[in-house]
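Remarks on the structure that follows.
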Amino acid sequence: MAFMLISTSFAQKTKVGLRLGIGLPNLESTDDNIYSKDYTTVAGFDGGFFLDYGLTENFSIKTELVYARKGGEKNGMQAIPPTQLDPQLEPLTQGAPVYASFDNEAVFSYIEIPVLAKYEWHLDDKWGVYVNAGPYVDFIISPKQKTSGMSQLYFDEAGTMPVQFVANPQDPPQNWVFVDLPAQDFTATTDIDKDLANMDFGAMAGVGVSYALNDTSELLFDARGSYGFIPLQNDTDTYGTVHMGSFTFSLSYAYTIKNRSKKVETND
């Protein structure tokens with residue numbers, strides 16, 4: 001009986017690199033809550049360092065240490081929770097939600113750690129395409145809410161029912177004169193750390209293109225999406241269930257620090 005010993009080898013590469021990108025976050029209110037809906041994207045920096053550890057010629061595990069700015073803005077008429085109003089106004093609003101027209105930006109900084117499984121197809125000796133996916137964890141730092149503008153308060157979103165007070169409370173009720181409450185100043189920067197979950201856990205997936213500059217250096221263009229599973233707000237009874245998602249475009253530089261060849265022998 002004859003047999004043949006076949007020997008093959010493939011390269012395993014370990015790479016380190018720097019990724020610089022722009023994130024387009026999305027604050028998604030899953031229950032259309034009046035306080036959390038209608039936020040629009042605020043583009044922010046998304047980038048950091050990565051380690052890409054090759055397991056085979058095509059498959060690797062990629063982990064990153066990322067700084068990301070996420071958040072959203074809502075400008076114009078919007079609802080204000082009673083707890084955020086001046087307590088002196090409570091007798092006028094009776095705990096009901098009120099509306100005002102102002103600019104509202106909620107911006108959060110995160111330290112993000114994704115761990116991604118990556119598979120790459122080598123088109124030739126220069127170009128490649130890849131897909132990657134996996135979980136990530138976020139840790140929030142220094143969340144701020146910035147508001148600005150002057151506005152009257154209203155009981156309705158259309159702005160047709162202004163909050164009023166009695167100008168002559170000393171007179172009999174039948175002679176009372178109701179006057180619109182003066183415009184309120186919403187200019188403030190508020191630390192909202194206690195209102196938000198201090199971490200998030202989610203899933204991330206994306207695609208990319210690689211271009212080899214030489215044997216040890218390459219450039220990568222990457223597009224990825226992510227979605228957090230943990231509600232952003234701690235008080236879900238008031239603010240509903242809000243999740244943080246993001247879509248990111250980035251450019252990376254990778255340097256191969258170790259190129260290993262592995263031999264596989266099979267009997268035939």
Considering the values (i) 34; (ii) 37; (iii) 52, which represents percent of Cα pairs over 28 Å apart as calculated for the structure under consideration? (iii)
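In Å², and per residue, what accessible area does the chain have when probed at 1.4 Å with the other protein chains present? Please report the intermediate quantities before stating the final value.
Values: 14520 Å² over 268 residues.
About 54 Å² of surface per residue is accessible.
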Note down the relative contact order for the chain as a percent, whole number, built from C-alpha pairs under 8 angstrom at least six residues apart. 25
Net charge around residue 75, counting only other residues with Cβ within less than 11 Å of its Cβ (Lys, Arg = +1; Asp, Glu = -1)? -3
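Could you tell me the relative contact order of segment 89-163? Use alpha-carbon pairs under 8 Å, at least six residues apart, and round to a whole percent.
Details: 111 pairs, mean separation 31.1, N = 75.
Taking the mean separation of contacting Cα pairs over the length of segment 89-163, I get 41 percent.
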Taking the Cβ of residue 162 as the centre, find all other residues whose Cβ is under 12 Å away and add up their charges (Lys, Arg: +1; Asp, Glu: -1). -2
Unsatisfied cross-links (Cα-Cα over 32 Å) in the set 15/194; 74/194; 70/258; 62/126; 70/118: 15/194; 70/258
Taking a cut-off of 19 Å, what percent of all Cα-Cα pairs in segment 40-193 are separated by more than that? 69
If I take every Cα pair under 8 Å that is 6 or more residues apart in segment 158-268, average their sequence separation and divide by the length, what percent do I get for the relative contact order? 19
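The values are calculated or read from the model by the stated rules, or taken from the named source; none is laboratory data. Owing to the predicted nature of the structure, the values given are computational and were not obtained by experimental measurement. We place every Cβ from the backbone using ideal geometry, glycine too, and count neighbours over all the protein chains shown. To get the accessible areas, we keep the full protein, side chains included, count just its heavy atoms, and leave off ligands, DNA and RNA. Shrake-Rupley method; radii C 1.70, N 1.55, O 1.52, S 1.80 Å.
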